[in-house]
Amino acid sequence: AQRVTQPEKLLSVFKGAPVELKCNYSYSGSPELFWYVQYSRQRLQLLLRHISRESIKGFTADLNKGETSFHLKKPFAQEEDSAMYYCALSPGTYKYIFGTGTRLKVLA
Amino acid sequence: GAGVSQSPSNKVTEKGKDVELRCDPISGHTALYWYRQSLGQGLEFLIYFQGNSAPDKSGLPSDRFSAERTGGSVSTLTIQRTQQEDSAVYLCASSLTGGRTDTQYFGPGTRLTVL
C-alpha cells in the first residue's frame, strides 16, 4: 500500500537547535516526494521537492531509498519556522498522498 | 496573479442539510483537487479533476459527496444530508497539468461545522 508516515505529531525545539522532521514512505516505484508547510493563518504551500535538490529557508531533505525516508532538516531552527509540516508522496500522475503532519514549535 | 480562492471561508450547518463548497483555481490550471483536513488525520484526498473530467473519485467518502467542475475552471463540492463527522476543513488545490512533479497551489480552505 502507498503510504506516508510522519511519526511525530508535535516537535518542540529551542531556537538555534537543529531540527529533523521525520517522513517515511511506502511505495514500490520511484517516488516523487515533497514537503509542504502551513504557517499560522496562512494557506498550505510547497516548501521543497526532492527532485529539485534545493534548500529553501535553510531546510533540506534527502531521499534515502534504502530507508524509504525523506526527512526534513535544518541546522539552526528559527522562531519563524514554527508551523505545520506535511510530507507528501506522488506515486503517479495527479495523485498525492499526504502524511498526517508534524507541528513544529520553535521555542525562544 | 490571484491564487486559488474558496468560498465560503466558514460554513455552519445543521445535520441533514446539504452544503455546497466552491473553488476557483488559478487561471490556466487544468488540474484541480479536493482534500479534507480533519484534526489529526492529515490531508485526505477526495477527488481530482483534469479539465472537467474526474478520472479519480476514489477518495469520496460516501455517495453523499459529489463534485463537478465546469468550463475547466470553477469546481463545486456538494455534501448532501450532512453528518457531524463531515465537520472538517475542505481544501482545494490546483496545479498546471496534474503531473507528478507539479506544485499544488492551495486555497485557504472552507471550515465546515455540522451541528
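Using the Stokes-Einstein relation with a Kirkwood hydrodynamic radius computed over Cα pairs, the translational diffusion coefficient of chain A at 37 °C and a viscosity of 0.692 mPa s comes to 236 µm²/s. The antiparallel fraction among DSSP beta bridges confined to chain A stands at about 85%. In terms of its alpha-carbon gyration tensor, the stretch A:56-108 comes out prolate; a/c meets the 1.5 threshold, and the first ratio a/b outweighs b/c. With both labels modelled 7 Å from their Cα along Cα-to-Cβ, the B:Leu39 to A:Ser52 distance reads 3.4 nm.
Take the convex hull of the alpha carbons in chain B; its mean projected area over all directions comes to 6.7 nm².
Shown for the protein assembly as shown: lysine pairs separated by 8 or more places, or found on different chains, whose C-alpha atoms are under 19 Å apart, numbering 20. In terms of other Cβ atoms within 10 Å, B:Asp18, B:Asp86 run from fewest to most in the order B:Asp18, B:Asp86. With springs only between Cα atoms under 10 Å, which of B:Ala93, B:Ala31, B:Ala54 fluctuates most in a Gaussian network model of chain B? The residue that fluctuates most here is B:Ala54.
Among B:Leu21, B:Leu43, B:Leu91, whose mean-square fluctuation peaks in a Gaussian network model of chain B (Cα, cutoff 10 Å)? The residue with the greatest mean-square fluctuation here is B:Leu43. Scalar couplings 3J(HN,Hα) for the stretch B:19-25, obtained by applying the Karplus form with A = 6.51, B = -1.76, C = 1.60 to θ = phi - 60°, are 10, 10, 10, 10, 9, 10, x Hz; x denotes Gly and Pro. Using θ = phi - 60° in the Karplus curve 6.51 cos²θ - 1.76 cosθ + 1.60, the 3J(HN,Hα) couplings for the stretch A:38-46 round to 10, 7, 4, 6, 10, 7, 5, 9, 5 Hz; x is entered for Gly and Pro.
Quick note: the coordinates plus some simple rules give every number you see, no bench work behind them. Here the structure is a predicted model, which means the values were calculated and not measured. With ideal geometry, Cβ positions are generated from the backbone for all residues, glycine too; neighbour counts draw on all protein chains shown.
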